[in-house]
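Single-structure report; data block below.
The values are calculated or read from the model by the stated rules, or taken from the named source; none is laboratory data. All of these numbers come straight from a predicted model, not from anything done at the bench. Methodologically, a virtual Cβ is constructed for each residue, glycine included, from the backbone with ideal geometry; neighbour enumeration extends over all protein chains shown.
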Amino acid sequence: MEVVFHYDVRDFFESLQRPTRTKLARSIRLLREYGQNLSMPRMKFIVDGIFELRIRGQQEVRVFLVFHQGQAHLLHGFVKKTQKTPRKELEVAKKRKLDLT
């Protein structure tokens with residue numbers, strides 16, 4: 001499956017610590033291989049067709065994505081600092097999802 005990066009996700013990826021970047025790269029490779037069949041603990045359904053890639057380690061990272069026209073679109077990434085997903089982070093992903101259609 002082709003994975004399409006929003007430009008902000010590419011910048012976010014480059015800003016991460018090296019071990020976290022390596023883990024995220026591995027998750028993206030698995031996403032390419034398994035697509036929507038990727039499951040917990042790597043990927044979780046959130047809401048309205050939005051999924052999250054879950055990276056654990058020194059930095060807890062989440063990358064929101066959607067599947068659209070046979071592609072996985074990485075919409076927004078952030079370092080998770082609280083147990084609950086911040087609403088503003090999800091709103092960014094929802095807005096970018098609307099831009100796809």
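Only residues that are in a helix (DSSP H, G or I), basic (Lys, Arg) and crowded, with 18+ Cβ neighbours inside 10 Å were counted across the stretch 55-93, and they come to 0. When restricted to residues that are over 11 Å from the mean Cα position of the chain (by Cα) and within 19 Å of PHE67 (Cβ to Cβ), the stretch 11-29 contains 1. Hey, any hits in the stretch 40-48 for a residue that's surrounded by fewer than 18 Cβ atoms within 10 Å (Cβ to Cβ), in contact with a Ser or Thr (Cβ under 8 Å, 6 or more places away or on another chain), at negative phi and in contact (Cβ under 8 Å) with a residue 24 or more places away in the chain? Checked against the condition, which is being surrounded by fewer than 18 Cβ atoms within 10 Å (Cβ to Cβ), in contact with a Ser or Thr (Cβ under 8 Å, 6 or more places away or on another chain), at negative phi and in contact (Cβ under 8 Å) with a residue 24 or more places away in the chain, the stretch 40-48 yields at least one hit. Checked against (1) in contact with a Pro (Cβ under 9 Å, 6 or more places away or on another chain); (2) at pLDDT below 95, PHE78 passes all but a single condition, namely (2). Can you name the condition, by its number, that SER15 falls short on among (1) crowded, with 16+ Cβ neighbours inside 10 Å; (2) under 15 Å from LYS80 (Cα atoms)? Against the list (1) crowded, with 16+ Cβ neighbours inside 10 Å; (2) under 15 Å from LYS80 (Cα atoms), SER15 comes up short only on (1). Taking the criterion of being in contact with a Leu (Cβ under 7 Å, 6 or more places away or on another chain), in a helix (DSSP H, G or I) and under 11 Å from GLU60 (Cα atoms), the only residue of the stretch 12-29 that qualifies is LEU24. From the list GLU33, GLU52, the lone residue that is more than 16 Å from LYS97 (Cβ to Cβ), acidic (Asp, Glu) and either at pLDDT 95 or above or assigned to a loop (DSSP other than H, G, I, E, B) (or both) is GLU33.
When the stretch 81-101 is filtered for residues that are among the aliphatic types (A, V, I, L, M) and under 14 Å from the mean Cα position of the chain (by Cα), the ones remaining, listed by number, are LEU90, VAL92, ALA93.
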